[in-house]
Amino acid sequence: MARISSDACENDESDVNGASEMMDLLQMDFDPEAVKEREETLLSRNALRKQQRWEKCLAAKKSRRKEEKHRRKLQRHQPPDAMESPHFTKRVTKAMAKERLAEAQSTGVQVCVDLGMADCMSDKEVSRLAGQLRRLYGSNRKATRPFHLILSDLRKDSRLYRECLRMNDGFMDYVMEVTDQSCLDLFPLQTLVYLSPDAEEVLETVNHDKVYVLGGLVDESIQEKLSLSRAGELGVASARLPIDEYMVKKNNSKNFHSKVLAVNQVFDILLTFCESGSWTRALQAGVPLGKGYIVAPGALRTPDVTD
């Protein structure tokens, strides 16, 4: 009769215990109460992490606002000659620009570029739009009072996103918001103002409680009222730059006159107006001569920015 060693018995007993533990774990996995408890634990942890991130961002914004106030206070007390001709290294200038852009994320006028029409454009038009976005960001980076810039409806798997990465060096490090959400998902409907050259309402001033939406579109076929149709599709208010109020047509050999501007040109006009308070200056600087318009003689009305 064969003998069974004590080691074999212990191994059998270990196998049985292991199988029992495995069954217990499997039962836990299929236990609805246990699953629910684990899900609630995960949700509470996620909520805690989100709350911590929000508190951290809030603290950072408060710190930036405090530093900005301190910097402005120092500037007010500087001698005039020191303010007129500052000499900074490129590194310092770049850091100062980044600081201004970061501050604008919480205090600047909100300008959203609607890129929801990019899929309807040709490859050439997409490439041109990517270049316009580069120039637009460059203007914002140089501005003394930059905007809080948002690029909406920009998916990372889209042609435009890939073209922005290809054409725009450092695009991933731009200090702005990039999202695949629509402007309707980001802001209350009543705060949105879609800028279109075909709108009936005139943009008289710029308010901090509004979000100004620019149509991110390059259309070489020059279809009429595309941006106005987009505003109607989204169900938001629209307005046009006061070109008719401050400019007149200039005679030219081609008899060409157009109020359709590139997205970066509209952006520059808004920036200049917010910095100068003058539509005359903003339109004169921002509307290319090739559009066939010049500032009207005697255009003196210059409304200020409303906070």
Name the strands (runs of 3 or more DSSP E) wholly inside the range 237-298 in which the number of residues that are more than 23 Å from HIS208 (Cβ to Cβ), open to solvent by 20 Å² or more (accessible area, probe 1.4 Å) and in contact (Cβ under 8 Å) with a residue 40 or more places away in the chain is 1 or more.
247-249, 293-295
Pick from the range 168-200 the residues that are β-branched (Val, Ile, Thr) and not in a helix (DSSP H, G or I): which of them is nearest to SER106 (Cα to Cα)?
VAL175
Run GLY116 past the list (1) modelled with pLDDT of 90 or more; (2) part of a helix (DSSP H, G or I) and report the number of the one that doesn't hold.
(2)
What pairs can you find where one residue is in the range 148-160 and assigned to a loop (DSSP other than H, G, I, E, B), the other is of a type in the set (Gly, Ala, Ser), and their Cβ atoms are less than 7 Å apart, with a gap of 6+ or different chains?
ASP153/GLY116; ASP153/SER182; SER158/ALA118
The condition of being open to solvent by 30 Å² or more (accessible area, probe 1.4 Å), under 11 Å from the mean Cα position of the chain (by Cα), over 24 Å from LEU228 (Cα atoms) and in contact (Cβ under 8 Å) with a residue 12 or more places away in the chain holds, among GLN105, GLN110, only for GLN105
Those residues that are free of Cβ contacts under 8 Å to residues at least 60 places away in the same chain and either of a type in the set (Lys, Arg) or open to solvent by less than 50 Å² (accessible area, probe 1.4 Å) (or both), I need them from the range 193-227; list them, please.
VAL193, SER196, ALA199, VAL202, LEU203, LYS225, SER227
Residue list for the range 267-281, restricted to those being hydroxyl-bearing (Ser, Thr, Tyr) and touching a helix residue (DSSP H, G or I) at 6+ places or on another chain (Cβ under 7 Å):
THR272, SER276, THR280
Residues located in the range 165-192, provided they are open to solvent by less than 50 Å² (accessible area, probe 1.4 Å) and in contact with a Ser or Thr (Cβ under 7 Å, 6 or more places away or on another chain)
THR179, SER182, CYS183
Spot the failing condition for GLY235; the list is (1) in contact with an Asp or Glu (Cβ under 7 Å, 6 or more places away or on another chain); (2) at pLDDT 90 or above; (3) at positive phi, and only one is missed.
(1)
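The values are calculated or read from the model by the stated rules, or taken from the named source; none is laboratory data. What you are looking at is a predicted structure, and each value in this text was computed from that prediction instead of being measured. Every residue, glycine as well, gets a Cβ built from its backbone with ideal geometry; the counts of neighbours run over all protein chains shown. Remember, those area values only see protein heavy atoms, side chains included, never the ligands or the DNA or RNA. Shrake-Rupley method; radii C 1.70, N 1.55, O 1.52, S 1.80 Å.
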